[in-house]
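For reference, the structure is listed below as structure tokens.
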Amino acid sequence: MNIENLKKQIIEKLSKATSLKDLEIIGKEYLEEKRNISSSMKELGAKEKKELGVRLNELAKFLEEEITQKTKKIKLLEIKEKEENEFLDITLKGDNVKRGHIHPLSLAKKELEDIFTFLGFSIEEGPEVEDEWHNFDALNFPLNHPAREMQDTFFIKQNNRKELSQKEKLVLRTHTSNVQTRYMENHKPPIKIAVPGRVFRSEATDARHEVCFYQIEGLYVDKDVSVANLKAVLLRFLQEYFKDENVKIRLRPSFFPFVEPGFEVDMSCTVCNQKGCPVCSYEGWIEILGAGMVHQNVFKNCGLKDVTGFAFGVSVDRLAMMKYKIDNIRWFHSGDLRFLKQF
Ligand code: PHE
């Protein structure tokens, strides 16, 4: 077989090849021919053999290149064909996907976290099962102080409870203030944290009280922190949360063992704009949170000195109730879809 002819033949066949199989056959055929040519080369002289060998190799290279190109083209065509067969009609009506709803408490928590982050607080968390030391003692609750009973605590059953230290006796935390003491033990001022979380109180439920609810705690410790700083932060956070620049607050003296002075904070009623309505019992003010300047004994218990700070704790449930005008705290855990679907 003459090499020029062989090349012509190959080109002809390649032009007719339409599948990967065809290409494979052409490749094999060439190898066959090459073997035939090689075996008939025996009679040739060394110089001719070499020349022929070079040309055969060139042809092989050419063929390889052609086959690679052609393979690519065929594969592309196959994909195109497949795509055309799998025509997708994007105008067809799809299945109706039922969307879930964010629970109003999750929504409130998220919004509050955003506000406090914006105000420069970092978001921290702490344990729901807490030892008495962090929930009470370190917060300056004396062992027999009535305030400790006032909290109506859920105690965790421990057989040898009487022999345990305050750091071993467990309770369900009654407030997020436990994270104040936990955090101050391990961090140096300036401290600026906001702590959302679940708290538990063993009390009869009614429209405004649940055994389990959410709080968000604020703690700011540094040098020269004052009540003015506390007021500014509280006012700004309430105005942001209720998206109302006219929100006002007032501080009334109150008692919590871990702050001195301590305050009960009222905010102007956003439902009636202080004209008087059932929500504010026609007072124009609503008691919204507890706050105060951190008691020096608390700093001492946590190993801090020469600092001042403020703390506050607010019920997330109460905030959400006021924002969405929810008249009963028990809706939150009711699992009633008619309620949940509104958010
Ligand atoms: N821990 C208090 C409560 O649960 C609220 C509070 C927090 C008061 C911080 C003062 C300072 O009622």
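If you scan the range 301-326, which residues turn out to be away from the ligand (no atom under 16 Å from the Cβ) and over 17 Å from Asp222 (Cβ atoms)?
Scanning the range 301-326 gives Ala320, Met321, Met322, Lys323, Tyr324, Lys325, Ile326.
Just name the residue that is farthest from Ser165 (Cα to Cα) out of those in the range 96-142 that are exposed (fewer than 14 other Cβ atoms within 10 Å of the Cβ) and among the β-branched types (Val, Ile, Thr).
Of all residues in the range 96-142, those exposed (fewer than 14 other Cβ atoms within 10 Å of the Cβ) come to 96-102, 110, 114, 117-118, 120, 122, 125, 129, 142.
Still in the running and among the β-branched types (Val, Ile, Thr): 97, 102, 117, 129.
Values: Val97: 55, Ile102: 42, Thr117: 37, Val129: 16 Å.
By that ranking, first place goes to Val97.
Give the residues of the range 254-270 that are part of a loop (DSSP other than H, G, I, E, B), touching a residue at least 24 places away in the same chain (Cβ under 8 Å) and surrounded by 15 or more Cβ atoms within 10 Å (Cβ to Cβ), sorted by residue number.
The first filter runs over the range 254-270 and keeps only residues part of a loop (DSSP other than H, G, I, E, B), leaving 255-258, 269-270.
With touching a residue at least 24 places away in the same chain (Cβ under 8 Å) added as a condition, the list becomes 255-258, 270.
Scanning the range 254-270 gives Phe256, Pro257, Phe258, Thr270.
Looking at the range 215-263 only, could you name the residues that are farther than 25 Å from Pro190 by Cα and in contact with a Ser or Thr (Cβ under 9 Å, 6 or more places away or on another chain)?
Residues satisfying the conditions are Phe242, Asp244, Asn246, Val247, Lys248, Ile249, Arg250.
Residues to consider are Glu128, Glu185, Glu168, Glu111; find the one that is more than 16 Å from the ligand (Cβ to nearest atom) and in contact with a Gly (Cβ under 8 Å, 6 or more places away or on another chain). Don't jump to the end; show me each part of the working.
Details: Glu128 fails: more than 16 Å from the ligand (Cβ to nearest atom); Glu168 fails: in contact with a Gly (Cβ under 8 Å, 6 or more places away or on another chain); Glu111 fails: in contact with a Gly (Cβ under 8 Å, 6 or more places away or on another chain).
Answer to the selection: Glu185.
Can you say whether Asp152 is within 15 Å of the ligand (Cβ to nearest atom) and either more than 30 Å from Arg236 (Cβ to Cβ) or of a type in the set (D, E, K, R) (or both), as far as the supplied structure shows?
yes
Would you tally the residues in the range 90-116 being assigned by TED's automatic domain parsing to the domain that holds Leu319, among the charged types (D, E, K, R) and either in contact with a Lys or Arg (Cβ under 8 Å, 6 or more places away or on another chain) or without any contact (Cβ under 8 Å) to a residue 40 or more places away in the chain (or both)?
The qualifying residues number 2.
Only one of (1) aliphatic (A, V, I, L, M); (2) over 27 Å from the mean Cα position of the chain (by Cα); (3) within 14 Å of the ligand (Cβ to nearest atom) is not met by Val195, so which one is it?
(2)
Which members of the range 281-314 meet the condition of being part of a strand (DSSP E or B), modelled with pLDDT of 95 or more and out of contact with any Pro (no Cβ under 7 Å at 6 or more places or on another chain)? Write out each step before concluding.
Quick first cut of the range 281-314, residues part of a strand (DSSP E or B) only: 285-294, 308-314.
With the extra rule that they be modelled with pLDDT of 95 or more, the set shrinks to 289-294, 308-314.
Result: Leu289, Gly290, Ala291, Val294, Thr308, Gly309, Phe310, Ala311, Phe312, Gly313, Val314.
Residues in the range 271-295 that are surrounded by fewer than 16 Cβ atoms within 10 Å (Cβ to Cβ) and within 14 Å of the ligand (Cβ to nearest atom): how many? Outline the logic, then answer.
Going residue by residue through the range 271-295, those that are surrounded by fewer than 16 Cβ atoms within 10 Å (Cβ to Cβ) are 271-278, 281-283, 287.
From what's left, within 14 Å of the ligand (Cβ to nearest atom): 287.
Counting residues in the range 271-295 that are surrounded by fewer than 16 Cβ atoms within 10 Å (Cβ to Cβ) and within 14 Å of the ligand (Cβ to nearest atom) gives 1.
Yes/no per residue for (1) under 12 Å from His134 (Cβ atoms); (2) of a type in the set (A, V, I, L, M):
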{"site": "Thr174", "(1), (2)": "yes, no"}
{"site": "Val179", "(1), (2)": "yes, yes"}
{"site": "Thr205", "(1), (2)": "no, no"}
{"site": "Val211", "(1), (2)": "no, yes"}
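So which residues in the range 229-253 are assigned to a helix (DSSP H, G or I) and touching a helix residue (DSSP H, G or I) at 6+ places or on another chain (Cβ under 7 Å), if there are any at all? Please lay out each step first, then the result.
Our first condition is that a residue be assigned to a helix (DSSP H, G or I); within the range 229-253, this holds for 229-241.
The answer is Phe237, Glu240, Tyr241.
Could you count how many residues in the range 293-312 are closer than 19 Å to Ser226 by Cβ and either within 31 Å of the chain's Cα centre (by Cα) or aliphatic (A, V, I, L, M) (or both)?
Qualifying residue count, the range 293-312: 9.
Using beta carbons and a limit of 6 Å, which pairs, at least six apart or on different chains, have the first residue in the range 279-291 and under 17 Å from Tyr324 (Cα atoms) and the second one away from the ligand (no atom under 16 Å from the Cβ) and not in a loop (DSSP other than H, G, I, E, B)?
Listed pairs, sorted by first residue: Ile286/Cys280.
Among the residues of the range 296-305, are any assigned by TED's automatic domain parsing to the domain that holds Lys110, buried (at least 19 other Cβ atoms within 10 Å of the Cβ), closer than 30 Å to His333 by Cβ and of a type in the set (A, V, I, L, M)?
No, the range 296-305 has no match at all.
The values are calculated or read from the model by the stated rules, or taken from the named source; none is laboratory data. Being a predicted model, the structure only gives us computed values, none of them experimental. Note that each Cβ is placed from the backbone with ideal geometry, even for glycine, and that neighbours are counted across all protein chains shown.
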